């Protein structure tokens, strides 16, 4: 049996649910599709998503209040009845028509966690969504062999299969603020527990591109989250690239210089990142210098 788990918030998941439903109905397996809505406010989207309940073994549940990205994923896993859990973000869509079948074929006796990967549309979006698209294609949409070079940090939580008994040992941390980087913390917990993460070529397209300004806001929130993780010793200093570089700078007292750069060039950085030609070099400098600023 397979439990397909989809958390959503103000996003129409009809296309995703209908696709995975169509695929799994072709297979001779028992299944359930659980879609939990984290307190959406858009009535038209809620109405559209409620249609999902007409499908066999499929449930759409609207929560009364927003409980956060970590808590809703834990709730989905808790309610799931299957040995295997397939987590899919609301704004993804499988690339291949044998997406579900491929996951089944990938399960071996030793499998614990399997990550299928992510893709972005090759068509360039409008200028307001460029930064998210450029970052996603360069930093997230990695080939399978490239992901295997950094097994845990290349793992993203928008499209992965996990054994329920494994999930119960790691879960998503509900104690952290509802910022970003919950997938980073989750991957570190997998590493701590020495859980096996397999990388396969079974991607979903990431469709929900934020505007560049929203992505910048979320990127700053992600640095705030890393800062919190470090202060609370939730991850080691060398776990991510940005924290490794930061502590090298801090050891040389150069983080004061980068904090100065952030304070004085923040506007120039943002002007580039919101432009038609956003630079990932500047994006990295923007985030790194902000982390340095937080330590001054």
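None of 149, 122 is under 23 Å from residue 279 (Cβ atoms) and free of Cβ contacts under 8 Å to residues at least 40 places away in the same chain except 122. Just one of the numbered conditions (1) crowded, with 18+ Cβ neighbours inside 10 Å; (2) more than 25 Å from residue 131 (Cα to Cα); (3) touching a helix residue (DSSP H, G or I) at 6+ places or on another chain (Cβ under 8 Å) is not true of residue 188: (3). Residue 51 - would you say it is surrounded by fewer than 16 Cβ atoms within 10 Å (Cβ to Cβ) and within 25 Å of residue 172 (Cα to Cα)? No: the conditions fail for residue 51.
Checking the structure you have, find out if any residue of region 278-293 is over 30 Å from residue 193 (Cα atoms), in a helix (DSSP H, G or I) and free of Cβ contacts under 8 Å to residues at least 12 places away in the same chain. Checked against the condition, which is being over 30 Å from residue 193 (Cα atoms), in a helix (DSSP H, G or I) and free of Cβ contacts under 8 Å to residues at least 12 places away in the same chain, region 278-293 yields at least one hit.
Does residue 174 fit the bill of being in the same structural domain as residue 90 (by TED's automatic domain parsing), modelled with pLDDT of 95 or more, within 16 Å of the chain's Cα centre (by Cα) and surrounded by fewer than 17 Cβ atoms within 10 Å (Cβ to Cβ)? In short, no.
Residues in region 59-71: is at least one assigned to a strand (DSSP E or B), assigned by TED's automatic domain parsing to the domain that holds residue 189 and crowded, with 18+ Cβ neighbours inside 10 Å? Yes, region 59-71 contains at least one residue that is assigned to a strand (DSSP E or B), assigned by TED's automatic domain parsing to the domain that holds residue 189 and crowded, with 18+ Cβ neighbours inside 10 Å.
Looking only at region 98-117, residues that are out of contact with any strand residue (DSSP E or B) (no Cβ under 7 Å at 6 or more places or on another chain) and either under 19 Å from residue 58 (Cβ atoms) or assigned to a strand (DSSP E or B) (or both) come to 4 in all. Count of region 50-85 residues, restricted to those that are farther than 28 Å from residue 185 by Cβ and out of contact with any helix residue (DSSP H, G or I) (no Cβ under 9 Å at 6 or more places or on another chain), is 3.
Filtering 269, 246 for residues that are touching a helix residue (DSSP H, G or I) at 6+ places or on another chain (Cβ under 7 Å), in contact (Cβ under 8 Å) with a residue 24 or more places away in the chain and either assigned to a helix (DSSP H, G or I) or assigned by TED's automatic domain parsing to the domain that holds residue 138 (or both) leaves a single hit, 246. When region 20-33 is filtered for residues that are surrounded by fewer than 18 Cβ atoms within 10 Å (Cβ to Cβ) and outside any loop (DSSP other than H, G, I, E, B), the ones remaining, listed by number, are 22, 25.
When we screen 231, 253 for residues that are over 25 Å from residue 149 (Cα atoms), surrounded by fewer than 17 Cβ atoms within 10 Å (Cβ to Cβ), in the same structural domain as residue 287 (by TED's automatic domain parsing) and without any contact (Cβ under 8 Å) to a residue 60 or more places away in the chain, the only hit is 253.
The values are calculated or read from the model by the stated rules, or taken from the named source; none is laboratory data. Not measured: the values here are computed from a predicted model. All Cβ positions, even for glycine, are placed from backbone atoms using ideal geometry, and neighbour counts span all protein chains on display.
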